[in-house]
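Novice: The structure's right below; bear with me while I get my questions together.
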Amino acid sequence: MFNDLDKAIIKEIQGDLPLVAQPYREIASRLGISEQELLEKIKEFQKQGYIRRFGAALRHREMGLKANPMIIWQVPEERIEEVGNKLASFARVTHCYHRAMLPKLQYNVFSMIHAETKEECFKLAKEMAEVINIEDYNLLFSEKELKKTSMKYFMED
Amino acid sequence: MDNIDKNLLSIIQKDFPVCSRPFQEIGEKLGITEDETVARLSELKEQGIIRRLGAIMDSRKLGYKSTLCAMEVPSDNLSQVVKVVNDYIGVTHNYLRNHDYNLWFTLITPSQGHLEKTLRDIEKRTGQKVYNLPALRLFKIKVNFHVPGVKGGEG
């Protein structure tokens, strides 16, 4: 699927772009290709969806977004598709998945939001609950961030 | 952080230019010079607000397998378990949450076999059960945050 050059490019761009006037030229020279070739490859990866997003990963806690709950919903099997799509349409929802239930966690749709305060989260969760018409939900706030990194791909070979 | 910084963060989260002089192009949108753009970005990085500037790859499209895991860890065991879990490069996020299942982490691996082996390995090393919750259906993944104070910054 990926040739050696593709993998070498991905290894570079999944790192940190240097803060110089021509950052792509610097990366291209490390790879031994032209800046133009690198720019075209990045655009191609974006078009093919291998790059989900190109830009900054921020530390949302440092930006003042200190309340980061996973809002979990108990949704009847036949409504999962509809409810999942409705939750996804909220701008503040960054992630939304259908997952299995656990013995002590009888919820099957998982959504993530990030806000400045817990109160804001409870308010938004209530609004979401009304829109999707689901009464049984819970907010699991992150009490401590223990690790947050970006995945490094193709490092095994 | 002033308004220019906030707008800068908003722009670089989703529309980072892929061109020869990206900081010049961003500066033009904000009415500042290329040098000032670079200086502001350096400062935001220094402050820890910007974690990284680059490509966020789609793990599925690259053939990798990812999952969310939960563990119920007794508090006196917690630091030791966290140390074991954080040890794996495929564990990219790990959070303590307010529930009996108190430890929640994401795991990305090159294959399903590798994923299952890692989970068994964590169970063996910690003596605790790992609940595996892979996505049965993905409805949304969009991690450009709303920058507080920027109108319409949710993209």
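Where a number appears in this text, it was derived from the coordinates with a stated rule and is not lab data. Only a predicted model underlies this, so the values are computations on that prediction, with no experimental measurement involved. For neighbour counting, all protein chains shown are included, and Cβ atoms are generated from backbone atoms with ideal geometry for every residue, glycine included.
Novice: Just tell me how shielded A:95-103 is by partners: mean number of partner chain Cβ atoms within 10 Å of each residue's Cβ, no decimals.
Specialist: 6
Novice: Something else about it: Against the 2.2 N^0.38 Å scaling, with N counting residues, where does segment A:1-94 land? I'd like the Cα-based Rg ratio to two decimal places. Intermediate results must be reported in sequence, preceding the final value.
Specialist: Numbers: Rg = 19.2 Å, N = 94, 2.2 N^0.38 = 12.4 Å.
Working it through for segment A:1-94, the quotient is 1.55.
Novice: Also, I was wondering about something else. Taking just the alpha carbons, could you work out the radius of gyration and Dmax for chain B, both in angstroms?
Specialist: Looking at chain B, its Cα Rg and Dmax stand at 19.8, 57 Å.
Novice: If you don't mind, another one. Among A:2-9, B:51-58, A:60-67, what's the highest-first ranking by average C-beta atoms within 10 angstrom per residue?
Specialist: B:51-58, A:60-67, A:2-9
Novice: Under a no-solvent Debye model with one identical scatterer per Cα of chain A, what's log10 I(q)/I(0) at q = 0.11, 0.15 Å⁻¹?
Specialist: Values, matching the q order: -0.64, -0.92.
Novice: So, one more: Beyond 31 Å between alpha-carbons counts as too far, so tell me which of A:148/B:140; A:147/B:124; B:45/B:124; A:148/B:129 fall in that bin.
Specialist: B:45/B:124
Novice: Could you tell me the relative contact order of segment A:69-141? Use alpha-carbon pairs under 8 Å, at least six residues apart, and round to a whole percent. Please report the intermediate quantities before stating the final value.
Specialist: Values: 107 pairs, mean separation 32.9, N = 73.
It rounds to 45 percent for segment A:69-141.
Novice: Compare the Cα positions of B:4, A:64, A:89 along the charge dipole of the protein assembly as shown (+1 at Cβ of Lys, Arg; -1 at Cβ of Asp, Glu; about the Cα centre) and return the one farthest towards the positive end.
Specialist: A:89
Novice: Given the peptides B:127-137, B:73-83, arrange them by the average over their residues of other C-beta atoms within 10 Å, most packed first.
Specialist: Values: B:127-137: 15.6, B:73-83: 13.4.
Descending mean neighbour count gives B:127-137, B:73-83.
Novice: Oh, and also: If packing is taken as the mean number of other Cβ atoms within 10 Å per residue, what is the order of B:102-111, B:89-98, highest first? Intermediate values should be presented prior to the final figure.
Specialist: On the way: B:102-111: 20.4, B:89-98: 18.0.
Answer by packing, highest mean first, reads B:102-111, B:89-98.
Novice: To the nearest whole number, what is the average tally of beta carbon atoms from other chains within 10 Å of the beta carbons of peptide A:69-76?
Specialist: So the per-residue partner count for this stretch is 1.
Novice: In Å, what is the Rg of the alpha-carbon atoms in segment B:65-133, and how long is Dmax?
Specialist: 11.0, 33
Novice: Which whole number of Å³ per residue matches the convex hull of the alpha-carbon atoms in the protein assembly as shown?
Specialist: Numbers: hull volume 44.2 nm³, N = 312.
Roughly 142 Å³ of hull volume per residue.
Novice: How crowded by other chains is B:42-51, given as the mean number of beta carbons from other chains within 10 Å of each beta carbon?
Specialist: Mean partner-chain Cβ count within 10 Å for B:42-51: 4.
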